[in-house]
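What follows is a single structure, written as structure tokens, with notes after it.
The values are calculated or read from the model by the stated rules, or taken from the named source; none is laboratory data. Since this is a predicted model, take the numbers as computed values, not measurements. With ideal geometry, Cβ positions are generated from the backbone for all residues, glycine too; neighbour counts draw on all protein chains shown.
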Amino acid sequence: MIHLPKVTLECQCLDARIVKPMYPRRLVITTCQLPAPPQHMFHACHFHIDVKLLSMSSHLVLSPGSHTTFLMPSNLAYTRQNLLLTHYWNNCDIPLSDQTLRAESLTLTCTKAKLMIISSIIQSQFDPTSAVDIIQNSSLLADAAKHTGVEYLELCVEEMSYQKVTTPNTKAFTLSLGALKAFVLEFSLKHGAVSPHGGVFEEPQQALVLSGPENVTSLETIDQIQTIQQPLLCLTMQCTQDPNSQDHPPVLIFNVREVWHLYISIMYVDEIRESK
């Protein structure tokens, strides 16, 4: 028996690569004793994982014949390297673990009801009872099954990267977003062409509500020769591994470029509708 609703995760291709030295203890001891070990030897003292997901997508299945694409096909890349036999290394600033997640483009599309269903399904992995009660004792399933007369939020993120680096005393997180756009879409019924399911639909009404950076084509010149395009958001956070032993104060650095945002109060919209 298939339990519904459910969230599926699919991809067309999964490419995984794992590299580990055959004699790690011998390699690590030899490398540690060198005053200035070569980079290739230090690189070989790690456990490496490289994973690539091509055309990964996610769907919300409400019934056997009804499903909605929540995550449009996207490519993801994940890399991780862990330093082997960490007790042999005396440098307190040496990275013990380095994880990186990159995505060229991510597009999420859903309604408020569908998003609440998805969050409840994810929450059920940690607290099954409360998540089931939220779905069964509310109108979420009926609201999530609606495809017309409701607003969809489409969120597009470009050039996203996340990195986590840990040392014996410190952990650091870095997040970067190249560009972001958000649209509100509404599908309404009208007289015209008939859809395959018997309904009559028109082209969705689309409104841009969030966009950044405001001027994507603006470039910052360095030394009048090299040009780089600044991302929308750069965030770096650094803190100690043990909160009770503060070797250094926590650090938070972020840079946000111009963002265009369209917002209209719901009360103002209701007044316009009543006046019509």
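Identification of strands (runs of 3 or more DSSP E) wholly contained in segment 195-276 with 2 or more residues that are at pLDDT 80 or above yields 205-212, 233-240, 251-256. If you go through segment 151-170 one residue at a time, how many are crowded, with 16+ Cβ neighbours inside 10 Å and closer than 17 Å to residue 60 by Cα? Here the count works out to 3. Please go through segment 131-159 and give me each residue that is under 27 Å from residue 79 (Cβ atoms) and either in contact with an Asp or Glu (Cβ under 8 Å, 6 or more places away or on another chain) or among the basic types (Lys, Arg) (or both), ordered by number. 158, 159 - these are the residues of segment 131-159 that are under 27 Å from residue 79 (Cβ atoms) and either in contact with an Asp or Glu (Cβ under 8 Å, 6 or more places away or on another chain) or among the basic types (Lys, Arg) (or both). In the set (1) more than 28 Å from residue 82 (Cβ to Cβ); (2) touching a residue at least 24 places away in the same chain (Cβ under 8 Å), residue 167 fails one condition alone, (1). Residues that are buried (at least 16 other Cβ atoms within 10 Å of the Cβ), out of contact with any Cys (no Cβ under 7 Å at 6 or more places or on another chain) and under 30 Å from residue 27 (Cα atoms) within segment 56-97 comprise 77, 78, 79, 80, 81, 82, 95, 96, 97, listed in sequence order. Only one of the numbered conditions (1) assigned by TED's automatic domain parsing to the domain that holds residue 39; (2) touching a Ser or Thr at 6+ places or on another chain (Cβ under 6 Å) is violated by residue 102, and that is (1). Sub-9 Å Cβ pairs linking a first residue in segment 244-256 that is within 16 Å of residue 172 (Cα to Cα) and outside the structural domain of residue 232 (by TED's automatic domain parsing) to a second residue that is of a type in the set (A, V, I, L, M) and assigned to a loop (DSSP other than H, G, I, E, B), at least 6 apart or interchain, number zero.
Any residue that is more than 30 Å from residue 117 (Cα to Cα), in a strand (DSSP E or B) and modelled with pLDDT of 90 or more - is there at least one of those in segment 5-15? Yes, because at least one residue in segment 5-15 is more than 30 Å from residue 117 (Cα to Cα), in a strand (DSSP E or B) and modelled with pLDDT of 90 or more.
Taking the conditions (1) modelled with pLDDT under 95; (2) over 30 Å from residue 244 (Cα atoms) in turn, residue 170 satisfies each one other than (2). Among the residues of segment 84-121, those identified as within 23 Å of residue 175 (Cβ to Cβ) and over 17 Å from the mean Cα position of the chain (by Cα) are 93, 95, 96, 97, 98.
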